[in-house]
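Peer 1: Questions regarding the structure given below will be posed in turn.
Each value in this text was obtained by applying a stated rule to the coordinates, not by laboratory testing. Keep in mind it's a predicted model, so treat the numbers as computed, not measured. Positions of Cβ are backbone-derived with ideal geometry, glycine not excepted, and every protein chain shown enters the neighbour counts.
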Amino acid sequence: SQTIHQWPATLVQPVGSPLSLECTVEGTSNPNLYWYRQAAGRGLQLLFYSVGIGQISSEVPQNLSASRPQDRQFILSSKKLLLSDSGFYLCAWSVQKGNSTDTQYFGPGTRLTVL
Amino acid sequence: RKEVEQDPGPFNVPEGATVAFNCTYSNSASQSFFWYRQDCRKEPKLLMSVYSSGNEDGRFTAQLNRASQYISLLIRDSKLSDSATYLCVVNTANNNDMRFGAGTRLTVKP
């Protein structure tokens with residue numbers, strides 16, 4: 001069966017510090033991978049998605065970046081965090097089926113607080 | 001207009017009640033529809049997909065109306081464990097990402 005891991009689970013960082021969040025998927029090959037952010041009391045906002053190694057699509061302009069160095073590894077980074085980067089960061093995976101994607105499954109998330 | 005809009009909530013209902021959530025979407029080319037459930041401070045988990053003909057899973061019934069671009073979720077015989085936020089999810093014409101509603105919070109009380 002497939003599993004998705006994220007770490008760390010919680011993180012408190014000062015403004016201006018760098019960020020690296022990691023997500024890995026097991027039990028599937030060539031998944032679509034996604035990074036979302038959920039601000040307190042708000043809906044999920046898609047930040048990045050990837051259909052393959054080295055292929056990253058960005059949904060919104062921001063000071064975050066994503067990389068996919070391996071098939072089942074997705075990394076979210078920032079060089080300098082802003083207060084507005086605080087939120088619940090969720091990684092998800094799905095399987096590409098023809099021209100559409102299958103259901104997305106989420107990791108346990110990383111709760112980031114920028115002080 | 002938001003791509004996916006849900007009932008503002010919150011819904012506070014007694015055990016055993018029937019409750020319905022509504023969701024509208026703006027992109028007429030959307031092809032896939034889902035309801036997810038999110039518990040407090042946890043990740044969203046798939047509750048059920050929504051099929052064109054409507055579908056049922058135990059106490060949960062989902063309906064889709066493409067003409068009105070409307071999705072619904074009906075929960076019968078509510079349980080305390082149904083308390084959560086319910087997210088309406090619609091795929092975009094891009095097919096590589098989903099758009100999430102802001103969610104409707106449900107609290108089932110004894």
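Peer 1: If R0 is 22 Å, what FRET efficiency do you get for B:Gln31 and B:Lys2 from their C-beta distance, rounded to 0.05?
Peer 2: Numbers: r = 19 Å, r/R0 = 0.86.
Using R0 = 22 Å, I get an efficiency of 0.70.
Peer 1: Now, a different point. Which trypsin sites (Lys or Arg not before Pro) in the range B:1-96 sit in a loop by DSSP (not H, G, I, E or B) and have at most 10 other Cβ atoms within 10 Å of their own Cβ?
Peer 2: Within the range B:1-96, the qualifying trypsin sites (Lys or Arg not before Pro) (loop, at most 10 other Cβ atoms within 10 Å) are B:Arg1, B:Arg41.
Peer 1: Of B:Ser52, B:Ser32, B:Ser81, which is the most mobile in a GNM of chain B whose springs link Cα atoms less than 10 angstrom apart?
Peer 2: B:Ser81
Peer 1: Let me ask something additional. If you count, for every residue in A:28-38, the Cβ atoms of partner chains within 10 Å of its Cβ, what is the mean? Before the final figure, lay out the partial values.
Peer 2: Numbers: counts 0, 0, 0, 0, 3, 0, 3, 0, 5, 0, 7.
If you average over the peptide's residues, the count of other-chain Cβ atoms is 2.
Peer 1: Might you list the cysteines of chain B that have no disulfide-compatible partner by the rule of another cysteine's Cβ under 4.7 Å?
Peer 2: Taking the Cβ cut-off of 4.7 Å, the unpaired cysteines of chain B are B:Cys40.
Peer 1: For the range A:34-48, just list the computed ³J(HN,Hα) in residue order, Karplus coefficients 6.51, -1.76 and 1.60, θ = phi - 60°, integers in Hz, with x standing in for Gly and Pro.
Peer 2: For the range A:34-48, the Karplus curve yields 9, 10, 10, 10, 10, 7, 3, x, 10, x, 6, 10, 6, 9, 9 Hz.
Peer 1: For the range B:16-110, calculate the relative contact order in percent as a whole number, restricting contacts to Cα pairs under 8 Å that are 6 or more residues apart.
Peer 2: Numbers: 203 pairs, mean separation 30.9, N = 95.
Here the relative contact order equals 33 percent.
Peer 1: Separation between the B:Ser53 and B:Thr18 pseudo-spin-labels, each 7 Å from Cα along Cα→Cβ, expressed in nm?
Peer 2: In this crude spin-label approximation the distance works out to 2.2 nm.
Peer 1: Further question: Return the sequence-ordered ³J(HN,Hα) values of the range B:86-91 in whole Hz as given by the Karplus equation 6.51 cos²θ - 1.76 cosθ + 1.60 applied to θ = phi - 60°, using x for Gly and Pro.
Peer 2: Result, rounded to whole Hz: 9, 10, 8, 10, 10, 7.
Peer 1: Residues of the range A:1-29 with amide nitrogen under 20 Å from the 7 Å Cα-to-Cβ point of A:Ser58?
Peer 2: Once the point is set 7 Å along Cα→Cβ of A:Ser58, A:16-23 turn out to lie under 20 Å by backbone N, inside the range A:1-29.
Peer 1: For a quick check of your reading of the filter: which trypsin sites (Lys or Arg not before Pro) in the range A:1-109 sit in a DSSP loop and have no more than 15 other Cβ atoms within 10 Å?
Peer 2: Qualifying residues, ordered by number: A:Arg42, A:Lys79, A:Lys80.
Peer 1: For A:Leu33, B:Leu80, B:Leu73, what's the fewest-to-most ordering of other Cβ within 10 Å of each Cβ? Write out the running numbers ahead of the final one.
Peer 2: Working: A:Leu33 27, B:Leu80 10, B:Leu73 24.
Starting with the residue having the fewest Cβ neighbours, the order is B:Leu80, B:Leu73, A:Leu33.
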